[in-house]
Amino acid sequence: MMRTRYGTRPFILAALVLIGVFFLLPLLWLVSTPFSAEPTLAVKFSQPSLGNFLKIAANRTALIAFKNSLILSGGAMILVVVLGSLAAYSLSRANFSGKQAILSVLLLFSSVVTGVAAMVPIYTLNSRLHLIDTHIGVILIFAAGFLPTAIFILKDFMDRIPRAYEEAALVDGSSPVQLFRYVAFPLARQGLAVIAVLTFVNTWSNFLVPFVLIRSNEKIPIAVAIYQFFSEVGIPRIGVISAYSLLYTLPVLVIYFWISRRYGFGFFGGIKG
Amino acid sequence: MAKLVFKDIHKQFGNHTALEGISVEIAEGEFFTLLGPSGCGKTTMLRLIAGLETADKGEIWIGDRDVTYLPPGQRKVAMVFQNYALYPHMTVAENISYPLVIKKTPGGRIQEKVKSVAERLSLKGLLQRMPSQLSGGQQQRVAVARAMVQDPLVYLFDEPLSNLDAKLRQEARRFLKRIQKETGITAVYVTHDQTEAMAMSDRVAVLKDGRLIQVASPETIYTEPADVFVAGFVGSLPMNLIEGKLEKEGRDLRFSAGEFSVGIDENIGLANGAKLTLGIRPEQVFFEPDSDGGRTRAVIDDVEQLGSEMTVSLSIGEVILLSRIPKSRPPKTGERVKLRFDKSGFHFFDECGNRIAGAKI
């Protein structure tokens, strides 16, 4: 037993290093290339320069895109967390006929709404509602796309929070609003943090929906604005694109660490107390 | 402080009847215990008082108010849950003050009340801790504090000692009883542990299958159990219950069941040939070496040493009897002995298992 283990160990180690390098290289490229004066597709640290960032700073559309992305992802995040927690709480605590059916339908729809296949009806719908080229239109589609999954995950999370806390709060004299505000919501906040981050990250990187639904340059998010940095014939300007991509990832990291520090993540509602 | 009245309460969960025609009156300031095996409906009764369930039929009165359909927060009751249900995201101080905060009590008044209750329950040093940093006994005291701070009309306790270890349980038992007596607030206490019920209560209600079997003082429940169920449930060892019949032998009556037979000295008002169950507590069964070959002979099956006492299992043919006697030279398994009873402790139950009133020697 021992011999075989030590015998195979170098090979396993080599394989792991190889896999590690494979995943690490693109990241290294992403942090090195933006600062390079002569960007290529290779990872190298030479001729440091901030030229790429200066070019971005000069591009108004590229800058406004940050604000737009924050509005779209932030809006979707708030909508999903508020509606998702209320829906999941009801589905977790109330018993009514057809509950299982609703849950099954939710699961089914979760993969459909924002998919490529639904783009045409989504466009038509937004067009009829006069929501083309508006942020609210995109936010609604984002939220609708992620809500079923969010409700599903949150319901499961809330199912694991013992009811005794709410019963105690009821006997203590809480109104339904106080019950949700002071007891149920804080108890579920780890699950809500997970959903908030998932929604934000997912919508932040979504390209198709805003690309189809938004027309004017002042309203496009980063995922679409990145097209600014392809030349007229479609050749990517690698230096600027990498610099822009680096900036693009920062808000996601900030959101992730902020929420994780403030609320903590948790997939399980079993709270010892 | 108020009395609590159940008027013909019925409660059904789907096909399962949880409570069937419960009527009982709990006096002001009384420590009242609902005792029974799991699934007997005792917790349902408590949840009905709290308002966490609603009765299908009947009325519940607290003091001079009909609370049957009032929401939980308006009933002026405070509950201590089995797992304490301390809000895990709040400190001890926040937990205790929560009921006052949501009722919009002025801040100064809250401070004052939390302080006085914390002092009384020795929680002063723990106010800034989180519930997860407390021991089981401390958590229980916080739960009691959260109930006390509300000045309720009724305390509800749902098996509050079942999560504590044996030593703490003793201590908590005395503590709860003292708090209840000091505040003078009516308390309804649910437990499946007959020792707790006997030790703490002014009165005990024994429940079975959603019905009240007997409501009486612990003393009465022990000395005059209403039926074979109560007789078997109450007491640290279950009462010996022997099914047999009365037989006349000359002028004397004898109770016999197979090889087991015992003389009934006096007339207990029962006819020859009547079928009945004889109940004898293990504390009233004695035995001695079989010297003269008396009539009721037994074989020792098993001996359990329990420190100052021992429990001896004896068999007479098919009949098995338990005897609880002070520690002495332990008898040997398989030894033949002669039985002796303290006949003042005989209980008689009829064919349906109900106590035969007055049939006492």
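A short reminder: the numbers here are calculations on the coordinates, not readings from a lab. Fair warning: this is a prediction, and the values are worked out from it, not measured in the lab. As a convention, Cβ positions derive from the backbone with ideal geometry for all residues, glycine included, and neighbour counts pool all protein chains shown.
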> Using a Gaussian network for chain B with springs between C-alpha atoms less than 10 Å apart, which of these wobbles most: B:217, B:135, B:162?
Replying inline: B:135
> Could you give the radius of gyration (one decimal) and Dmax (whole number) of the Cα atoms in the stretch B:134-239, in Å?
Replying inline: 14.7, 43
>> Can you tell me which aspartates and glutamates have their Cα less than 20 Å from the Cα of residue B:103? Leave out same-chain residues fewer than eight positions away.
In response: A:166, A:167, A:172, B:94, B:112, B:151
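Just counting partner chain Cβ atoms within 10 Å, what average do the residues of peptide B:47-55 show around their Cβ? Working shown, then result.
Values: counts 2, 0, 1, 4, 3, 6, 0, 0, 0.
Per residue, the number of nearby Cβ atoms from other chains is 2 on average.
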> What list of ³J(HN,Hα) couplings, whole Hz, do you get for the stretch A:138-148 from phi and the Karplus terms 6.51, -1.76, 1.60, once you set θ to phi - 60° and write x for glycine and proline?
Replying inline: 5, 4, 4, 5, 4, 4, 4, x, 9, 4, x
>> If the reach is capped at under 21 angstrom between alpha carbons, list the lysines near residue B:104, excluding any in the same chain fewer than eight residues apart.
In response: B:76, B:113, B:115
> How large is ³J(HN,Hα) for each residue in the stretch B:43-48, as worked out from phi by the Karplus curve 6.51 cos²θ - 1.76 cosθ + 1.60 (θ = phi - 60°), to whole Hz, x for Gly and Pro?
Replying inline: 5, 4, 4, 5, 5, 5
> Mind listing the phi-derived Karplus ³J(HN,Hα) values for the stretch B:105-111, rounded to whole Hz, using 6.51, -1.76 and 1.60 with θ = phi - 60°, and x for any glycine or proline?
Replying inline: 5, x, x, x, 5, 4, 3
>> Need the C-alpha centroid separation for the stretch B:236-252 versus the stretch A:92-110, integer Å.
In response: 61
> Looking only at the stretch B:147-181, which residues have a backbone nitrogen under 17 Å from a spot 7 Å from the Cα of residue A:163 in the C-beta direction?
Replying inline: B:158
> Roughly how tilted is helix B:92-102, in degrees to the nearest 10 and between 0 and 90, from the longest Cα axis of chain B?
Replying inline: 70
> Which semi-axis lengths, in whole Å and largest first, follow from the square roots of five times the eigenvalues of the Cα gyration tensor of the stretch B:4-115?
Replying inline: 30, 17, 13
>> Tell me which of A:16, A:123, A:84 sits at the most positive position along the dipole axis of chain A, charges placed on C-beta atoms (Lys, Arg +1; Asp, Glu -1).
In response: A:16
> Once label points are set 7 Å from the Cα along Cα→Cβ at both residue A:217 and residue B:10, what is their separation, rounded to one decimal in nm?
Replying inline: 7.8
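I need A:204, A:258 ordered by Cβ neighbour count within 10 Å, fewest first.
Working: A:204 22, A:258 12.
With the fewest neighbours first, A:204, A:258 line up as A:258, A:204.
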> Within straight cross-link reach of residue B:208, meaning Cα distance under 12 Å, which aspartates and glutamates are found once same-chain residues fewer than 8 apart are removed?
Replying inline: B:20, B:227
>> Tell me the angle of helix B:166-183 to the major Cα principal axis of chain B, expressed in degrees between 0 and 90 and rounded to the nearest ten.
In response: 60
> Which of A:214, A:19, A:241 moves most in a GNM of chain A, Cα contacts under 10 Å?
Replying inline: A:19
>> Show log10 I(q)/I(0) for the stretch A:15-79 at q = 0.13, 0.21, 0.25 Å⁻¹, two decimals, from a solvent-free Debye sum over equal Cα scatterers.
In response: -0.60, -0.88, -0.96
> Taking the alpha-carbon centroid of each part, what is the distance from the stretch B:279-350 to the stretch A:121-168 in angstrom?
Replying inline: 72
>> Calculate the FRET efficiency for residue A:177 and residue A:127 from the Cβ-Cβ distance with a Förster distance of 22 Å, rounded to the nearest 0.05.
In response: 0.05
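Which of the three applies to the stretch B:85-186, rounded, prolate or oblate, going by the alpha-carbon gyration tensor with a ≥ b ≥ c and a/c under 1.5 meaning rounded? Before the final figure, lay out each step's value.
On the way: a/c = 1.81, a/b = 1.27, b/c = 1.43.
It comes out oblate by the Cα gyration axes.
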> Cα convex hull of chain B: mean projected area in nm², to one decimal?
Replying inline: 22.1
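Per Stokes-Einstein, at 10 °C and 1.306 mPa s, what whole-number D in µm² s⁻¹ belongs to the stretch A:66-262, with the Kirkwood radius over Cα pairs as the hydrodynamic radius?
Details: Rh = 18.6 Å.
Answer from the Stokes-Einstein relation: 85 µm²/s.
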> In a GNM of chain B with a 10 Å cut-off on Cα contacts, which of B:154, B:101, B:188 has the highest mean-square fluctuation?
Replying inline: B:101
> If we count other beta carbons within 10 Å of each Cβ, what is the order of B:352, B:40, fewest first?
Replying inline: B:352, B:40
> Where the centroid of each part is defined by its Cα atoms, how far is the stretch B:105-154 from the stretch B:187-226 in Å?
Replying inline: 30
>> Can you give me the long-range amide H partners of residue B:21? Hydrogens built in the peptide plane at 1.01 Å from N, cutoff under 5 Å, separation of 5 or more residues or another chain.
In response: B:9, B:10, B:11
>> Restricting the calculation to Cα positions, tell me the Rg (one decimal) and the Dmax (whole number) of the protein assembly as shown in Å.
In response: 36.8, 125
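So for each of B:332-338, A:146-152 I average, over its residues, the number of other beta carbons within 10 Å; can you give me the resulting order with the highest mean first? Show your work: numbers first, answer last.
Working: B:332-338: 13.0, A:146-152: 23.1.
For the peptides B:332-338, A:146-152, the packing ranking is A:146-152, B:332-338.
Please compute, for peptide A:158-169, the average count of beta-carbon atoms on other protein chains lying within 10 Å of each residue's beta-carbon. Provide the component values of the computation, followed by the final result.
Working: counts 0, 0, 0, 1, 4, 2, 8, 7, 2, 9, 18, 7.
Mean partner-chain Cβ count within 10 Å for A:158-169: 5.
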>> Given R₀ = 60 Å, what would the calculated FRET efficiency be for residue A:198 paired with residue B:57, taking r from the Cβ atoms and rounding to 0.05?
In response: 0.80
> Averaged over B:89-101, how many beta carbons belonging to a partner chain fall within 10 Å of each residue's beta carbon?
Replying inline: 3
> Based on the Cβ-Cβ distance from residue B:220 to residue B:133, what FRET efficiency comes out when R0 is 51 Å, to the nearest 0.05?
Replying inline: 0.70
